[in-house]
Amino acid sequence: MPLPKEESYSYADLLSWGEGTRYELYDGRLTALASPSRLHQEISMELSAQLRAYLRGKRCRVYAAPFDVRLFEKEGEGPGSVDTVVQPDLMVVCDPGKLDQRGVRGAPDLVVEILSDSTRRTDRLTKFNLYQLAGVREYWIVDPAARIVQVHTLEDGRYHSPVAYNGTASVPVGILEDCHIDLTAVFADA
């Protein structure tokens, strides 16, 4: 289906286009998402498996893209008034009240973005600023090429200097007590 020629879009527009190409909205600006690479998928699946194993029987849940996150949607707002929708590679949500059939309303507790050539700038700048503004408590940027994970923790409404972990580290998940991610397994195929 051809896209209408508008300068600004809403979540209602995305919903009306149905399944197919995945999009994100940044303040009404539309961005198409490319399919992830094999390595991206393997890293995502390993991170997801480790998080899911830890979260079994707990309140928090892990979700993987495609899963719509309406970062700034307020209670009672309809899709026509929502102009920012992202699809993080992975996220952890600890408040079940934020979940609905379409995805997440508000900020997840943890967001993980896995860099690719097409998303590197967006993940490091645009999404970094959106997640900070929305109040995502912990933001991980995974760089498969460098085999590094940068962890940004929200303090007083801002992300400060990240902590970087190399491909052999065990990374503590700050929002989850006693949870550590084994990067040796995450980067096994990188």
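Laboratory data are not the source of any read-out in this text; all were calculated from the coordinates shown. Not measured: the values here are computed from a predicted model. Glycine gets a Cβ as well: all are built from the backbone with ideal geometry, and neighbour counts include every protein chain shown.
The ranking of His152, His180 from fewest to most other beta carbons within 10 Å of each one's beta carbon is His180, His152.
Antiparallel beta bridges, as assigned by DSSP with both residues in the chain, represent about 80 percent of the total such bridges.
Taking packing as the residue-averaged number of other Cβ atoms within 10 angstrom, the listed peptides 141-150, 10-19 run from highest to lowest as 141-150, 10-19. A Förster radius of 25 Å, combined with the Cβ-Cβ distance separating His180 from Ser8, puts the computed FRET efficiency at roughly 0.05. Sequence-distant contacts, meaning Cα pairs under 8 Å at least 6 residues apart, place the relative contact order of the chain at 17 percent. The magnitude of the dipole of the range 36-186, with charges of +1 and -1 set on the Cβ of Lys/Arg and Asp/Glu and taken from the Cα centre, is near 160 debye. The angle between the Cα long axis of helix 38-55 and the main principal axis of the chain comes to about 70°, on a 0 to 90 degree scale. Calculated mean residue ellipticity, 222 nm, the chain: -5500 deg cm²/dmol, from DSSP H runs (n ≥ 4) at -39500 (n - 2.57) each, averaged per residue and rounded to 500. A simple count of charges around Ala185, restricted to other residues whose Cβ falls under 12 Å of its Cβ and scoring Lys, Arg +1 and Asp, Glu -1, yields -4. For an R0 of 25 angstrom, estimate the FRET efficiency from the Cβ-Cβ distance between Arg52 and Ala188 and round to the nearest 0.05. Once rounded, the FRET efficiency stands at 0.90. Comparing Met45, Ala32, Tyr63 along the charge dipole axis of the range 26-71, the residue lying farthest to the positive side is Tyr63, per the Cβ-charge model. Counting Lys and Arg as +1 and Asp and Glu as -1 over every other residue whose Cβ lies under 11 Å from the Cβ of Ala107, the net charge comes to 0. Taking the Cα centre of the range 40-119 as reference, the dipole from Cβ charges on Lys and Arg (+1) and Asp and Glu (-1) amounts to some 480 debye. Maximal additional length on extending the Glu19-Asn166 stretch stands at 49.2 nm, based on 0.36 nm per residue less the C-alpha distance.
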